[in-house]
1. Rounded to the nearest 20 debye, what is the charge dipole size of the chain about its Cα centre when +1 sits on each Lys and Arg Cβ and -1 on each Asp and Glu Cβ?
2. Ordered by packing density, taken as the mean number of other Cβ atoms within 10 Å over each peptide's residues, highest first, how do 21-31, 141-151 rank?
3. Using the alpha-carbon atoms, what tilt in degrees (0 to 90, nearest 10) does helix 29-39 show relative to the longest principal axis of the chain?
4. Tally up the carbon and sulfur contribution to the accessible surface of the chain as a whole percent, 1.4 Å probe, everything protein left in place.
5. Using the structure shown, list the pairs from K13/K112; K13/K138; K12/K138; K51/K138; K13/K87 with a Cα-Cα distance above 20 Å, or answer none.
6. Quick one: of the DSSP bridges fully inside the chain, what percent are antiparallel, nearest 5?
7. Could you pull the accessible area for F71 with a 1.4 Å probe, rounded to 10 Å²?
8. Return one whole number: the accessible area per residue of region 33-72 in Å², for a 1.4 Å probe.
Amino acid sequence: MSVPVNGIDELKKLAGSDLGTSEWIEVTQERINTFADATGDHQWIHVDPEKAAAGPFGAPIAHGYLTLSLFIPLFTELLDVQGVTTKVNYGLNKVRFPSPVKVGSRIRLVGKLAEVEEVPGGVQITVDGTIEIEGGAKPAAVLQSLSRFYA
């Protein structure tokens, strides 16, 4: 369930706060194939279930960038900033993919609002995120995301 925030002043007060955990979502072969079509990355380890079953992971795996792209829908479950005119993804400071996401796995986001700093016309937030794999020993992704919110 998302934390509702009304405006930049309320957002500033949350700096350093844990944002909680999103719901689990399943990474299906259909989602992987759709991502492959959108990006042109049709490597067999992602889109050929038969060949991937005999490969190093024993099943098809999600693209690392597919896992990363799911950060935004998962993050919107954690924080809902209202009372701003514009919300933009500003980039990433760090991303690592410690463990592959096998087809059929479920993932979720654990987030912390690490920092809120003023920028001209608004604020920039830094979110420390961990995308967990249900039952996995290591996370699928560990990242630091930057977003800007303008008044």
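The values are calculated or read from the model by the stated rules, or taken from the named source; none is laboratory data. A quick note: this is a predicted structure, and the numbers were derived from the prediction, not measured. Every residue, glycine among them, receives a Cβ derived from its backbone with ideal geometry; neighbour counts consider all protein chains shown. Only protein heavy atoms, including side chains, enter the accessible area calculation; ligands, DNA and RNA are left aside. Shrake-Rupley method; radii C 1.70, N 1.55, O 1.52, S 1.80 Å.
1. On the way: 13 positive and 18 negative charges, 56 e Å.
Dipole about the Cα centre, nearest 20: 280 debye.
2. Values: 21-31: 15.2, 141-151: 18.1.
With the highest mean Cβ count within 10 Å placed first, the list reads 141-151, 21-31.
3. It works out to around 70 degrees.
4. On the way: 3960 of 7980 Å².
Carbon and sulfur together cover 50 percent of it.
5. Working: K13/K112 13 Å; K13/K138 31 Å; K12/K138 31 Å; K51/K138 25 Å; K13/K87 18 Å.
Where the Cα-Cα span goes over 20 Å, the pairs concerned are K13/K138; K12/K138; K51/K138.
6. Working: 37 of 41 bridges.
Counting DSSP beta bridges with both partners in the chain, the antiparallel share is about 90 percent.
7. For F71, solvent-accessible area is about 10 Å².
8. On the way: 2140 Å² over 40 residues.
In whole numbers, region 33-72 has 53 Å² accessible per residue.
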